[in-house]
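The values are calculated or read from the model by the stated rules, or taken from the named source; none is laboratory data. All values derive from a computational prediction rather than experimental measurement. Note that each Cβ is placed from the backbone with ideal geometry, even for glycine, and that neighbours are counted across all protein chains shown. Ligands, DNA and RNA are excluded from the accessible area calculation, which covers all protein heavy atoms including side chains. Shrake-Rupley method; radii C 1.70, N 1.55, O 1.52, S 1.80 Å.
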Number of protein chains: 2
Amino acid sequence: MARTGRPREFDRQAALETALVLFWQQGFEPTSLNQLKEVMGGISPTSFYAAFGSKEQLFREVVALYRSQQGQVTDVLFDENISPRQAIEQCLRQSVHMQTDKTHPLGCLVTMGATNCGPTGDAVMQLLREERLKNFGGIKRQLERAVSIGALPENADILALAATINTFLNGISLAARDGVGEKELQASVGNIMRLWDAA
Amino acid sequence: MARTGRPREFDRQAALETALVLFWQQGFEPTSLNQLKEVMGGISPTSFYAAFGSKEQLFREVVALYRSQQGQVTDVLFDENISPRQAIEQCLRQSVHMQTDKTHPLGCLVTMGATNCGPTGDAVMQLLREERLKNFGGIKRQLERAVSIGALPENADILALAATINTFLNGISLAARDGVGEKELQASVGNIMRLWDAA
DNA sequence: ATACTTCCGTATCGATCAGTACATAATTAG
DNA sequence: CTAATTATGTACTGATCGATACGGAAGTAT
């Protein structure tokens, strides 16, 4: 049974997708309500707030959507059914592929979505930071697992290797936005993985 | 001979320094004139515009100041009087040291100063992008020099190695802001330099 | 002294910010 | 039908954005 009341006249999901693109391009703070309303189908402020609550709540929904779509390239970091080395390499290769895909904004929303924030944007900055730290945690856990199953030697400096991988992963976003191509970045992933083999 | 007219009542250089700190913390767009005027000694809008022209012009001055101070850690990329390997390693180690120094905002202004921009911030974004691409160019030139003097083999994939180093360099800013310590990041530099030795 | 130059503080500009008030339209429930 | 519910469009809120107008203050030049 459809719920009561006047039906919504715009596609909520489609509006979320276009909001995602805008936030991805510009980040949280410089993206204005007017811009959002316009790209979300020219909806009215009343419709916007009735459907999404506030700019920050919309952003949180957008981040969740991103994580379930393009951002799932990092999910493999938490997969314990493949080899640790495969998990890391797949994460990096998929991240490079996704972030250099010109069918959407370059770089990563979690990495770049809220880097320039005034005092009002602290909560949003923290939201994305936690997402990044989750990924860093996933990297570390895969390395620990690698040591525990003998895929990496006991004396490997896995904290340093994890930091190296994490830092490289962070850097992909800016590199992509600065025009570095997928080819060079995939070759760079090959370099990073060579560190694994030498560890 | 002192120049004519009423003398300025605030220290222009000191005001620039405090503006640098604020832009470094928050980035270009979310930093407001009110915030700037306050930290710059509580100067009036008239004094601000007379002395600095506009928010964007102030930012450009701030970037130049940063480049001449903290940002000079990358100048070594253009030094042809030391070995190419030393140039790269010094750049990375100094960058890590500077960007994790808690006496000023974490990360790098050139990397993070204008990542979230609306349509009005394009010029500033481009300014920092060009600074980053200059550094990337310096990395590439050092690698070419290394090949030319036999410090790297002829068949080394220097474009891939340059992209790896550049991407890592980009990533240091976010890593530092997310709380990764200097120790782990210096160890990561050691890892990156291992790629050089294996090239 | 007077002109000239430069900086100062206050008050304010139009535009835009995120968010709301209010009356109305469209649907379901009874 | 009426009531209840939910969405709609228009108009508008106070706050803040970057930037300016204007008159006076403080210095130098002659």
Quick one: label points 7 angstrom along Cα→Cβ at B:GLN86, distances to the other copies in nm, smallest first?
-> 4.6
Roughly what angle does helix A:182-198 make with the longest principal axis of chain A, taking Cα atoms, 0 to 90 degrees, to the nearest 10?
-> 40
Could you work out the equivalent-ellipsoid semi-axes for the range A:143-199, taking the square root of 5 times each eigenvalue of the Cα gyration tensor, largest first, in whole Å?
-> 26, 11, 7
Compute the length gained on full extension between A:ARG85 and A:GLN186: take 0.36 nm times their separation in residues and subtract their Cα-Cα distance, giving the result in nm to one decimal.
-> 34.8 nm
Where in the range B:59-88 is the amide nitrogen less than 18 Å from a point lying 7 Å along the Cα-to-Cβ axis of B:THR103?
-> B:66-74
Using alpha carbons only, how many degrees (0 to 90, rounded to 10) separate the axis of helix A:158-177 from the longest principal axis of chain A?
-> 40
How much accessible area per residue does the protein assembly as shown have, in Å², with a 1.4 Å probe?
-> 45
Looking at the P(r) of chain B, how many percent of alpha-carbon pairs lie beyond 25 Å?
-> 44
Both in Å, the radius of gyration and Dmax of the C-alpha trace of the protein assembly as shown are 22.9, 87
GNM top mover of A:PRO153, A:PRO30, A:PRO119 - chain A, alpha-carbon springs below 10 Å = A:PRO119
Percent carbon-and-sulfur accessible area, the protein assembly as shown, ignoring ligands, DNA and RNA, probe 1.4 Å = 51
Expressed in nanometres to one decimal, the distance between label points 7 Å along Cα→Cβ at A:GLU9 and B:GLU56 is 3.8
How far is the Cα center of the range A:1-51 from the Cα center of the range A:134-162, in Å?
-> 42
Along Cα→Cβ at 7 Å, what distances in nm separate the B:GLN13 label point from those on the other copies, shortest first?
-> 6.2
If you take the accessible area of B alone, add that of A alone, and subtract the area of the pair, what total do you get in Å², probe 1.4 Å, to the nearest 100?
-> 3300
Any idea what the relative contact order of chain B is, in percent, if you count C-alpha pairs under 8 Å spaced at least 6 apart?
-> 22
For the modelled label position 7 Å from the Cα of B:ASP122 along Cα-to-Cβ, which residues of the range A:10-24 have backbone nitrogen atoms closer than 18 Å?
-> A:22-24
Position B:GLN69, label points 7 Å along Cα→Cβ, spacing to each other copy in nm (shortest first, one decimal) | 4.3
The range A:12-65 - percent relative contact order, Cα under 8 Å, separation 6 or more | 46
How big is the C-alpha Rg of the range B:12-65 next to the rule-of-thumb value 2.2 N^0.38 Å, as a ratio?
-> 0.96
